[in-house]
Structures are given as C-alpha cells and as structure tokens.
2 protein chains.
Amino acid sequence: MSSGNFKHDLFSQFARVGKALSNGNRLELLEFIAQAERSVDELAQVAGLTMANTSQHLRVLKQAGLVTCRKEGLKVYYRLSGDDVLVLLDALRTTAERHLAEVKQLVQSYLTTRDELEPLARQELLDRARDGLVTVLDVRPEEEYAAGHVPGAINIPLQDLESHLADLDPKHEVVAYCRGPHCILAFDAVAKLRDKGFKAARLEDGFPEWRQAGMPVETTH
Amino acid sequence: MSSGNFKHDLFSQFARVGKALSNGNRLELLEFIAQAERSVDELAQVAGLTMANTSQHLRVLKQAGLVTCRKEGLKVYYRLSGDDVLVLLDALRTTAERHLAEVKQLVQSYLTTRDELEPLARQELLDRARDGLVTVLDVRPEEEYAAGHVPGAINIPLQDLESHLADLDPKHEVVAYCRGPHCILAFDAVAKLRDKGFKAARLEDGFPEWRQAGMPVETTH
DNA sequence: TTATTACTCAAGTGATTACTTGAATAGTAG
DNA sequence: CTACTATTCAAGTAATCACTTGAGTAATAA
C-alpha cells in the first residue's frame, strides 16, 4: 500500500517547477524569452545580470522543463518549451495581482502617474483599428516586431520614439503595446506621447497575450 | 524614465508566489486545502509534518496570497483564497507533467502497476452514470464528500473499502475518484477493487477539477 | 482557578540558493 | 596555428530556507 514515497516524489517534482519560478530575475528572463528566442547575452543585458549568473538561471529554467535551447554557431538560443508555460506565467501573474496587495498598489501607483487613460481591450483595438480611428504602435525592439505583431501595427522601438514622432498622425489616437501587462515599455511610450500632446492609451496587455488569445498575427518577411 | 525599480519590484512580488510553490510539502498542503477548508492539525497529520512546521508553511502560503484563514473556537481553518489558485496549481501540474521526464516516468510506472485501465473522462462518466451503467465511488474522507461530490456518487473512504465491498454491485463497473489527478487514493482503490474481481477505473482527475469544469455538484445537508 | 487544546512565535542548525570570480570549452575568424 | 567570442563550469561567500525545539498565546473545559 504505502505509496507515501510516490506522493512525496511527485510533489518534489512539482516543486522543481515552483523553484524555477521563485526568483524575480528568473521570472524576468522567462518573460523576455516568452517574446521570442533569445541568446544568453541578450538576456543577460536586459536583466542586468552577468553572463555566468544568467547562464545559471537559464540552467535552472531548463532543468525545470520551462525552456529549451539550441546552439547556432557561437550563440545559444533559449525559448519557452511550450504554450503551457505561457499559461503558467499568466496564472502566476493573475494570482499575484488578485491577492497581493503590494502588486495591486505597485501597478496602481505606476498607472496613475504614467497612464491616466484606461488600457484598451483587444477586440476594441481591432475594431477601432479597422475603422481607421487609431494608430497601433508596437514599441518593442525591431526583432520582436518582426517575429510577430498586431496586424497593421507600426513599429517604433521606445528609444526611437522621440525622433519618429513625425510618423504619427496627431489626429489619431495612438494605442501602444509591448511585451505583456507588466512590461514597462508601453507605459513609458504612453507617457512620452501624452507629453507631446498625442492622445495615447495602452493595450490592456501585451503581444504574447494577444497571440495566446487567438487574435490575428502579422509577421515581417 | 528609469522604472527599473518598478520592474524589479514587480518581478520580486511575482517571485513571492513562486517561492510559495517551491516546496513539495507546501504543494501537498495546498492540494489538500484545495479540497475543503482544513484545520492546521489535519494538515499537519496528512502531510506528516509537525504542527510548528505546518504552521510556518501555512504562513508562507498566506503571505503569498494563496490561502486565507479564519479562526473558529480553538481551531484555525485554512482555505484557498480564490479559484485562480486552482488554475495556478493546475498549470503547475500540467507544465511539470509535460516537460519533466521524471514526472512522466513516475506517473507512468505508478499507473501501470496500479491501474491498467485508462482513466475515464468527465462527460463520459456522467453519461454512463445517468444510464445506470457505472457505480461512481468517492473514496475521500466523509467530510470532504459532504462538502461536495459528483452527483450520484457513493462515499466509501479508502480505509473502509474492504469492509464495504458488499455495498457494491459486482455487475457494475466502478469508477473511483478522489482529490485530483495525482491523488493516490483513487489509484489504491482501483487496485483493491480489481484485486477483488471488480471492473474498476479511475476518473481522469479529481473532484476539484470536476467542480472547476462547471460539472454538477451535489452536497450532503 | 488550573489544565488542556490548537496554534503561533522565536531561536538555532544544517542545507540550499544567488551571485561573484576566474578558469575551461566550443565554435569562428584570421 | 593563434586570437576572439559566447557560453558553461567550478569554487567560494553571504543570504535565505526548512525544520526542530521549546516557549508563548488564545480559547475552552474542569
């Protein structure tokens, strides 16, 4: 009978996945990997970690089965090992947001100082874009945009926004999006645009969620 | 601009939830709490931990926003803080099962030694039960059964199964279920029944998943 | 009142984790 | 071949974690 070992072993295995999610830097790496395949030094740079440290975090994620990697030339590219990992990350964010007062407050205070407009829902964005009422703005880096973006969206990475304001029609409302509901790129973009007199809003969440929801996706060939 | 702190703080908060999921004992407690409200010593007993240790684990789960508690008389009852926690646990299990060879192997070897029959899907169970073709057997303890069970299911806790075999119709197939896809009660029950010559199978997962899927639920008044 | 129960808190210990530093490996370029 | 780049490995340290022990706190019972 017993089976106490089976149970114990099983929960220990589940805990390995939990452990992989138990560190802020690893979660940041995961969110970044969720956008597209990433090399180790890209990841190290964006998360502000050393190569060695990043490599170790990636090893943990890999051993937990959350990411896989392939080697191409000198570089090693990491990606999520499946869509279920996106679901898991989303569940984690959702739970954190619903039950942790600290997260609510953090997002709240950031939103009110940066973005007084309510974020826009996905379907609403598609409708307004189809009617030519809004300009959809993808503020992610070029490679991410190329890997897949919201149909009709134009790509101006955040750091280029200031010098490309002329490309935008001041009469149209601008809807910015980036990597996810907690990616700060879109917040910053909206802040900058509103500062320059544009009417700007954020998409309710980011591109991975858009794709996940089964909305249409355009790629650059 | 900056906002590096916002991002960092946000991921740290998310990691708090991950940390809560990073220990096997805590996951076991969570799965047990997912069934119904539980007192601390019930939880300590089932997980084989000391009271103090259990209490500390529960504090971690509470601070991560995964459970809440209420005091009634001497006892403190813990429960999940929302359905989104069930979703999170399910995502964790799913990811672990899909990507961790160890889990696959563990479940596989356990299934093949204990349960040669394939588990039964939810809707299929309802259909067959409605037609009177199967006996649905809830092998969880009485209190859990009372808190909610599959309509028409009879309750025989695992330890009473041997002495209550006469209550079961040998002509009917028996479908057993318990707390979840990895709860060992149903495995053991099926093993015992098949040992006694019954035709027995497991429900594909357990009662929380049944409830979660919006299937009908019966309670004992 | 004292005793008992159910639980939490606090201090201590060994194990694990995150990160750093420096060396090792593998693939590419000259 | 050597030089260089991207990555991993290995060793060390400070911080954190899991668990134990023993004391402390409410709520109930005698």
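Against the conditions (1) in contact with a strand residue (DSSP E or B) (Cβ under 6 Å, 6 or more places away or on another chain); (2) closer than 25 Å to A:Leu21 by Cα, B:Leu66 satisfies every one except (1). When restricted to residues that are out of contact with any Asp or Glu (no Cβ under 7 Å at 6 or more places or on another chain), more than 11 Å from DNA strand D (Cβ to nearest atom) and not hydrophobic (A, V, I, L, M, F, W, C), segment A:35-63 contains 1.
Tallying residues that are at pLDDT below 95 and within 28 Å of A:Val103 (Cα to Cα) within segment B:31-62 yields 8.
If you check A:Ala96 against the conditions, is it within 30 Å of B:Val67 (Cα to Cα), away from DNA strand C (no atom under 14 Å from the Cβ) and either at pLDDT 90 or above or within 11 Å of chain B (Cβ to nearest Cβ) (or both)? Steps first, please.
Values: within 30 Å of B:Val67 (Cα to Cα): yes; away from DNA strand C (no atom under 14 Å from the Cβ): yes; either at pLDDT 90 or above or within 11 Å of chain B (Cβ to nearest Cβ) (or both): yes.
Yes, satisfied.
Please tell me if B:Leu66 is more than 10 Å from chain A (Cβ to nearest Cβ) and within 14 Å of DNA strand D (Cβ to nearest atom).
Values: more than 10 Å from chain A (Cβ to nearest Cβ): no; within 14 Å of DNA strand D (Cβ to nearest atom): yes.
Against the criterion (more than 10 Å from chain A (Cβ to nearest Cβ) and within 14 Å of DNA strand D (Cβ to nearest atom)), B:Leu66 does not qualify.
Being surrounded by 15 or more Cβ atoms within 10 Å (Cβ to Cβ), modelled with pLDDT under 95 and not assigned by TED's automatic domain parsing to the domain that holds B:Pro181 is a property that B:Ala20 lacks.
Scan segment B:16-34 for residues that are more than 9 Å from DNA strand D (Cβ to nearest atom) and at the interface with chain A (Cβ under 7 Å from one of its Cβ atoms) and report the count. Let's see the steps before the verdict.
Applying the first criterion (more than 9 Å from DNA strand D (Cβ to nearest atom)) to segment B:16-34 yields B:17-18, B:21, B:27-34.
Going one step further and asking which of them are at the interface with chain A (Cβ under 7 Å from one of its Cβ atoms), we end up with B:17-18, B:21, B:27-28.
Within segment B:16-34, residues that are more than 9 Å from DNA strand D (Cβ to nearest atom) and at the interface with chain A (Cβ under 7 Å from one of its Cβ atoms) number 5.
Looking only at segment B:125-157, count every residue that is among the charged types (D, E, K, R) and within 29 Å of B:Tyr77 (Cβ to Cβ) and tell me the total. Steps first, answer last, please.
In the first step, residues of segment B:125-157 are kept if they are among the charged types (D, E, K, R); the result is B:127-128, B:130-131, B:138, B:140, B:142-144.
If we keep only those that are within 29 Å of B:Tyr77 (Cβ to Cβ) as well, we get B:138, B:140, B:142-144.
Count: 5.
B:Val175 meets the conditions (1) in contact (Cβ under 8 Å) with a residue 24 or more places away in the chain; (2) farther than 25 Å from B:Glu31 by Cβ; (3) away from every other protein chain (no Cβ under 14 Å) in every case but one. The failed one is (2).
The values are calculated or read from the model by the stated rules, or taken from the named source; none is laboratory data. Note that this is a predicted model, so its numbers are computed, not measured. Every residue, glycine as well, gets a Cβ built from its backbone with ideal geometry; the counts of neighbours run over all protein chains shown.
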